[in-house]
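Asker: Right, I'll just put the structure down here and ask away after.
The values are calculated or read from the model by the stated rules, or taken from the named source; none is laboratory data. A quick note: this is a predicted structure, and the numbers were derived from the prediction, not measured. No Cβ is skipped: glycine too gets one built from the backbone with ideal geometry, and neighbour counts run over all protein chains shown.
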Amino acid sequence: MDQRIADLISLLELEPLELNLFRGESRDIGSPQVFGGQVLGQALMAASRTVSGRTVHSLHAYFLRRGDFNAPIVYEVDRSRDGHSFSSRRVTAIQHGEQIFNMAASFQLSEPGLEHQAAMPAVPAPESLPDSGTVPPELAARLPPRMQRLLATPRPFEFRSVQPLLQLAQAAPARQIWFRAVSRVPDDETLHRCLLAYVSDFYLLETATLPHGISSLSGKAVVASIDHAMWFHRPLRVDDWLLYAVESPSASGSRGFARASVFARDGRLVASTAQEGLVRLVADCGVDAPR
């Protein structure tokens, strides 16, 4: 297994401290605070540790404070309900004595039912697209140093975007991105869903800045997640190519909204996600952009 994905899986394993209480470490991936996808993935893993025989089908989360990647995060799970078919959990993430994140998640026994889905958009195959992980030197030189460090940090996922990922000019508020883990992941549906939660935080909210040409990559705006929701529709593997079809129908009130469908290579709709976040011009709020 590639060390990058092995390290991420280790990050999601969590240390049990007591019944319903877990501790997770953090990683500096080049962002000014703990990556939101890390907290999302760890919180989902903490909730999953308290459920048996059921898999997560939805989650709804709020990011309350910036996380400090130099300190561990404690996850407290509330076993809200275990019914005949569904289990509900609430997770609170605590750091330095304060809540930084909370999440509600629902788990379900596998059962048959009605089937239909939206069609996958027609896009080029991932093999025909260049690796989006390499930034052209002439473009990297135009980015703030913090963004250069973020983009230079090795990632456990590879991305191949239909449109340019680094877009500093105005563009339509939509993009399609193929992604997959850099090496094979163990056959564990819970782990694959936690890893999808992790990677779903990449490039989602940035789509709301595309029509304005003020991406945080340009240093002209501060972008931060406020909430994140996911629905898991069908079994999935993050080590096979998945298509992230993202669109942003609205931005207003210093907030941007984006939603996305996640398709497997064979066209199955495996998940949906939505996120709203803070989008403020640096000139209006200062670099730190307090919420």
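Asker: Within region 53-60, is even one residue within 22 Å of the chain's Cα centre (by Cα), of a type outside the set (Ser, Thr, Tyr), within 26 Å of Val182 (Cβ to Cβ) and modelled with pLDDT of 95 or more?
Answerer: Yes - at least one qualifying residue is present in region 53-60.
Asker: If I filter region 183-192 for residues that are polar (S, T, N, Q), farther than 21 Å from Met1 by Cβ and either buried (at least 19 other Cβ atoms within 10 Å of the Cβ) or in contact (Cβ under 8 Å) with a residue 24 or more places away in the chain (or both), do I get at least one hit? Explain how you work it out, then say what you get.
Answerer: Just the residues of region 183-192 that are polar (S, T, N, Q), to begin with: 183, 190.
Applying the additional criterion that residues be farther than 21 Å from Met1 by Cβ yields none.
Checking region 183-192: not a single residue is polar (S, T, N, Q), farther than 21 Å from Met1 by Cβ and either buried (at least 19 other Cβ atoms within 10 Å of the Cβ) or in contact (Cβ under 8 Å) with a residue 24 or more places away in the chain (or both).
Asker: For region 214-235, which residues satisfy the criterion of being modelled with pLDDT of 95 or more and surrounded by fewer than 21 Cβ atoms within 10 Å (Cβ to Cβ)?
Answerer: Pass one, region 214-235, residues modelled with pLDDT of 95 or more: 226-235.
Across region 214-235, the qualifying residues are Ile226, Asp227, Ala229, Trp231, His233, Arg234, Pro235.
Asker: Further, regarding this structure: How many residues are surrounded by fewer than 18 Cβ atoms within 10 Å (Cβ to Cβ) and either of a type in the set (A, V, I, L, M, F, W, C) or under 24 Å from Arg234 (Cβ atoms) (or both) if we restrict to region 167-181? Spell out the reasoning first.
Answerer: First, pick out the residues of region 167-181 that are surrounded by fewer than 18 Cβ atoms within 10 Å (Cβ to Cβ): 168-172.
So of that shortlist, the ones also either of a type in the set (A, V, I, L, M, F, W, C) or under 24 Å from Arg234 (Cβ atoms) (or both) come out as 168-169, 171-172.
The number of residues fulfilling the criteria is 4.
Asker: Residue check, Pro137 against (1) more than 19 Å from Glu206 (Cβ to Cβ); (2) of a type outside the set (Gly, Ala, Ser); (3) modelled with pLDDT under 95; (4) in contact with a His (Cβ under 7 Å, 6 or more places away or on another chain), all met but one. Which one?
Answerer: Every listed condition holds for Pro137 apart from (4).
Asker: Look through region 236-256, keep the residues that are within 17 Å of the chain's Cα centre (by Cα) and more than 30 Å from Asp2 (Cβ to Cβ), and return whichever of them is surrounded by the most Cβ atoms within 10 Å (Cβ to Cβ).
Answerer: The extreme case among them is Gly256.
Asker: State all residues of region 75-87 that are surrounded by fewer than 17 Cβ atoms within 10 Å (Cβ to Cβ) and in contact with a Ser or Thr (Cβ under 9 Å, 6 or more places away or on another chain); if no residue qualifies, say none.
Answerer: Matches in region 75-87: Asp78, Arg79, Ser80, Arg81, Asp82, Phe86.
Asker: Restricting attention to region 14-26, report how many residues are surrounded by 14 or more Cβ atoms within 10 Å (Cβ to Cβ) and either charged (D, E, K, R) or free of Cβ contacts under 8 Å to residues at least 12 places away in the same chain (or both).
Answerer: Of the residues in region 14-26, the ones surrounded by 14 or more Cβ atoms within 10 Å (Cβ to Cβ) are 14, 20-26.
Restricting the remaining residues to those that are either charged (D, E, K, R) or free of Cβ contacts under 8 Å to residues at least 12 places away in the same chain (or both) gives 23, 25.
Total meeting the criteria: 2.
Asker: On the given criteria, is Val238 part of a strand (DSSP E or B) and either in contact with a Leu (Cβ under 8 Å, 6 or more places away or on another chain) or without any contact (Cβ under 8 Å) to a residue 24 or more places away in the chain (or both)? Before the answer, list the steps.
Answerer: Values: part of a strand (DSSP E or B): no; either in contact with a Leu (Cβ under 8 Å, 6 or more places away or on another chain) or without any contact (Cβ under 8 Å) to a residue 24 or more places away in the chain (or both): yes.
No.
Asker: Right, next: Just give me the residues in region 8-21 being under 10 Å from Pro156 (Cα atoms) and either of a type in the set (Val, Ile, Thr) or over 17 Å from the mean Cα position of the chain (by Cα) (or both), in sequence order. If you could, list the steps in order and put the result at the bottom.
Answerer: So in region 8-21, the residues under 10 Å from Pro156 (Cα atoms) come out as 8-9.
Correct list: Ile9 only.
Asker: So which of Val34, Val51, Val39 is in contact with a Gly (Cβ under 7 Å, 6 or more places away or on another chain), β-branched (Val, Ile, Thr) and assigned to a loop (DSSP other than H, G, I, E, B)?
Answerer: Working: Val51 fails: in contact with a Gly (Cβ under 7 Å, 6 or more places away or on another chain); Val39 fails: assigned to a loop (DSSP other than H, G, I, E, B).
Going through Val34, Val51, Val39 in turn, the sole match is Val34.
Asker: Of all strands (runs of 3 or more DSSP E) completely enclosed by region 60-129, which ones contain at least 3 residues that are without any contact (Cβ under 8 Å) to a residue 40 or more places away in the chain?
Answerer: Values: elements: 73-82, 86-95, 98-108.
Ranges flagged: 73-82, 86-95.
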